[in-house]
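Data first, discussion second: the structure below is written as structure tokens.
The values are calculated or read from the model by the stated rules, or taken from the named source; none is laboratory data. Since this is a predicted model, take the numbers as computed values, not measurements. Counting neighbours? That spans all protein chains shown, and the Cβs are built from the backbone with ideal geometry, glycine included. Just the protein is used for accessible areas: all its heavy atoms, side chains included, with ligands, DNA and RNA removed. Shrake-Rupley method; radii C 1.70, N 1.55, O 1.52, S 1.80 Å.
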Amino acid sequence: MAQNIVYGLFVGGIYGIAAVGLALAFGVMNVLNIAHGELLMFGGYISFWLFSLLGIDPFVSLIICIPALFLIGLLLDRLVYRHVARLRGEAKIKNSLLISFGLVLILQNVAIRLFTADERTTQVSYIGQGINLFGIALPYTRLMGLVIALVTILALHLFLQRTDSGKAIRATAEDWEAAELSGINVPRVYMLTFALGAALAGIAGTLVSVTSSVAPSIGLDWTLKALIVVVLAGTGSIIGAFPAGLLLGLVEALSSIFISASYREVVGLVIFLLVLLIRPQGLFGSREAA
Amino acid sequence: MLHIEKVAAAYGDVQALWDVSLDVQVNEIVVLIGPNGAGKTTLMRTIAGLHRPRSGRILFEGTALHTVAAHQIVERGIILVPEGRRLFEGMTVLENLQLGAYTRRAKQQRDKTLRHVLDIFPLLAERRHDRASSLSGGQQQMLAIGRALMGLPRLLMLDEPSLGLAPLIVRHIFEIVKSIKEEGVTVLLVEQNARRALELAHRAYILEQGRIVGTGSGSDLLHNDEVREAYLGYAPVTARTLT
């Protein structure tokens, strides 16, 4: 039982990081990036190949993976999302769905071409090793994963609260016109936001490649998980997506004890529906739905 | 300073402005009055760069504004306090003010400007760590003006600053507008409260159904029979007893 809860939190930390990345683009730009899971998948492959070709520890290779995904994010914003973000209201969300769905297909096929359809896991030497605390196994890989997730969220929180760029992101999320009227370059804020979201996907992907496996097809599953978490947290809440991710991991773990492991995936979707029905503003959202 | 030449603007198929021409000279208070739906807000948004004109030109000290992004217009010193205030309500008073000084030009003097703005609005200083959404309507309007001042405006545009506020607060806001002008800032003001605005104005324009239908000095319009009937006849009781 306690073991399950701990594992639930480990998995939940990855859900949280994946979801915060999606929540950034959604909360600030009002675009829903279905290809978020594909960015995560590429992040996972980057750390896998850096490990298997060059022997770089996946937690160290984050210093390459994060900027790489940040750049991919910048590029995607310039090529694709910048044009979507310019639209208004419903046209924006619809177009972002359609375009990112197309992007999913493209990125998946690129991944199959480049990496084959095989499942890959970053098999570090210390895999399976860990600390044993009161009979609960804490593998190093998962422990490191949770630490990195927490540090990332703390850093993002400080960035958003303390820096001028972070404040500009929050202001743009609240009211992009008022942000422009304050002299904030909103297209540039969008670009930064999208790239940050992609970088977070890269971190999540690295953690996935170490603690489970990556394959070209994993993207949509992760997008769906992230989406459930974003809805659970409330669409206006960016940092709030992290605790919501931990919660989903926990609930999934508990459900596999009390219901059945085969219903693990269903539980998330049931939560998704319940939140939309009962509390559409989410757990941490207070503003009217974006 | 500001020269608007035959500007037309539309929302989709609905045309909101027709051939609007208007001038603002340095250190004037120019007032724009007109009924609801006349296009006053559209004109302000068009000058501020949130809305692209369909035709015509907007020049600020000889350089074009109508082709420039809104945040670059702010950089040039033209700042709009939008209708409905549009504060960042989830953020603190201080954060709202800091964000007002986001342009490179304003950021260099941010701390100095902040002290000045808090001198003008001591109430905001007291509540600097509170969320903007917790302020009263009048305080929110002061914060909106304060945020605009943080950007070091040379031309300050105010869209209905007195809307929904109690008379005493309205008077205070008009006094502040006057003192802002005395500091050398040029003001373009859209107001429902036509009497008070015209008393303050050097010059005024009347906008009806998207067209400029009249212009003159503030006092001329105050004593013009048509204007009195259309815009001042329904003035509040307190104002009417003064005439």
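Any chance you could count how many residues in the stretch B:32-68 are in a loop (DSSP other than H, G, I, E, B), away from chain A (no Cβ under 14 Å) and open to solvent by less than 20 Å² (accessible area, probe 1.4 Å)?
Residues in the stretch B:32-68 being in a loop (DSSP other than H, G, I, E, B), away from chain A (no Cβ under 14 Å) and open to solvent by less than 20 Å² (accessible area, probe 1.4 Å): 3 in total.
Could you list, in sequence order, the residues of the stretch B:73-105 that are within 18 Å of the chain's Cα centre (by Cα) and either within 21 Å of B:V26 (Cα to Cα) or surrounded by fewer than 18 Cβ atoms within 10 Å (Cβ to Cβ) (or both)?
Matches in the stretch B:73-105: B:I73, B:V74, B:E75, B:R76, B:G77, B:I78, B:I79, B:L80, B:V81, B:E83, B:G84.
On the given criteria, is B:H3 within 17 Å of the chain's Cα centre (by Cα) and either charged (D, E, K, R) or closer than 23 Å to A:A168 by Cβ (or both)?
Considered against the rule, which asks whether it is within 17 Å of the chain's Cα centre (by Cα) and either charged (D, E, K, R) or closer than 23 Å to A:A168 by Cβ (or both), B:H3 comes out as no.
Quick check: is even one residue across the stretch A:103-118 part of a helix (DSSP H, G or I) and among the hydroxyl-bearing types (S, T, Y)?
Scanning the stretch A:103-118 turns up no residue that is part of a helix (DSSP H, G or I) and among the hydroxyl-bearing types (S, T, Y).
Any idea how many residues of the stretch A:136-186 are under 30 Å from A:T211 (Cβ atoms) and at the interface with chain B (Cβ under 10 Å from one of its Cβ atoms)?
Matching residues across the stretch A:136-186 total 1.
In the list A:L154, A:L160, A:L105, which residue meets the criterion of being within 20 Å of A:A18 (Cα to Cα) and touching a Lys or Arg at 6+ places or on another chain (Cβ under 7 Å)?
A:L160
Might you let me know whether the stretch A:84-95 holds any residue that is modelled with pLDDT of 95 or more, more than 14 Å from every other protein chain (Cβ to nearest Cβ), part of a helix (DSSP H, G or I) and open to solvent by 40 Å² or more (accessible area, probe 1.4 Å)?
No - not one qualifying residue is present in the stretch A:84-95.
What is the number of the single condition among (1) modelled with pLDDT of 95 or more; (2) surrounded by fewer than 24 Cβ atoms within 10 Å (Cβ to Cβ); (3) more than 14 Å from chain B (Cβ to nearest Cβ) that A:S212 does not meet?
For A:S212, the failing item is (1).
Suppose we filter the stretch B:112-142 for residues that are in a helix (DSSP H, G or I) and within 12 Å of chain A (Cβ to nearest Cβ); how many remain?
The total comes to 2.
Considering the stretch A:195-213 alone, what residues qualify as being under 19 Å from A:H157 (Cβ atoms) and not small (G, A, S)?
A:L196, A:L200, A:I203, A:L207
Quick one: how many residues across the stretch B:161-183 are out of contact with any helix residue (DSSP H, G or I) (no Cβ under 7 Å at 6 or more places or on another chain) and closer than 21 Å to A:E174 by Cβ?
The qualifying residues number 1.
Quick one: A:P58 ticks every box in (1) open to solvent by less than 10 Å² (accessible area, probe 1.4 Å); (2) part of a helix (DSSP H, G or I); (3) closer than 22 Å to A:I131 by Cβ; (4) not basic (K, R) except a single one, so which number is it?
Failing condition for A:P58: (2).
Could you check the stretch B:69-111 and list, in sequence order, the residues that are more than 10 Å from chain A (Cβ to nearest Cβ) and acidic (D, E)?
B:E83, B:D111
Answer yes or no as to whether A:G205 is under 24 Å from A:I56 (Cβ atoms) and either modelled with pLDDT of 95 or more or within 14 Å of another protein chain (Cβ to nearest Cβ) (or both).
Yes: the conditions hold for A:G205.
Can you run down the residue pairs with Cβ atoms below 8 Å, 6 or more apart or on separate chains, where the first is in the stretch B:165-181 and buried (at least 18 other Cβ atoms within 10 Å of the Cβ) and at pLDDT 90 or above and the partner is part of a helix (DSSP H, G or I) and among the basic types (K, R)?
B:V170/B:R196; B:F174/B:R196
Of the numbered conditions (1) free of Cβ contacts under 8 Å to residues at least 40 places away in the same chain; (2) surrounded by fewer than 21 Cβ atoms within 10 Å (Cβ to Cβ); (3) among the small types (G, A, S), A:A171 fails exactly one; give the number of that condition.
Tallying (1) free of Cβ contacts under 8 Å to residues at least 40 places away in the same chain; (2) surrounded by fewer than 21 Cβ atoms within 10 Å (Cβ to Cβ); (3) among the small types (G, A, S), A:A171 fails exactly one: (2).
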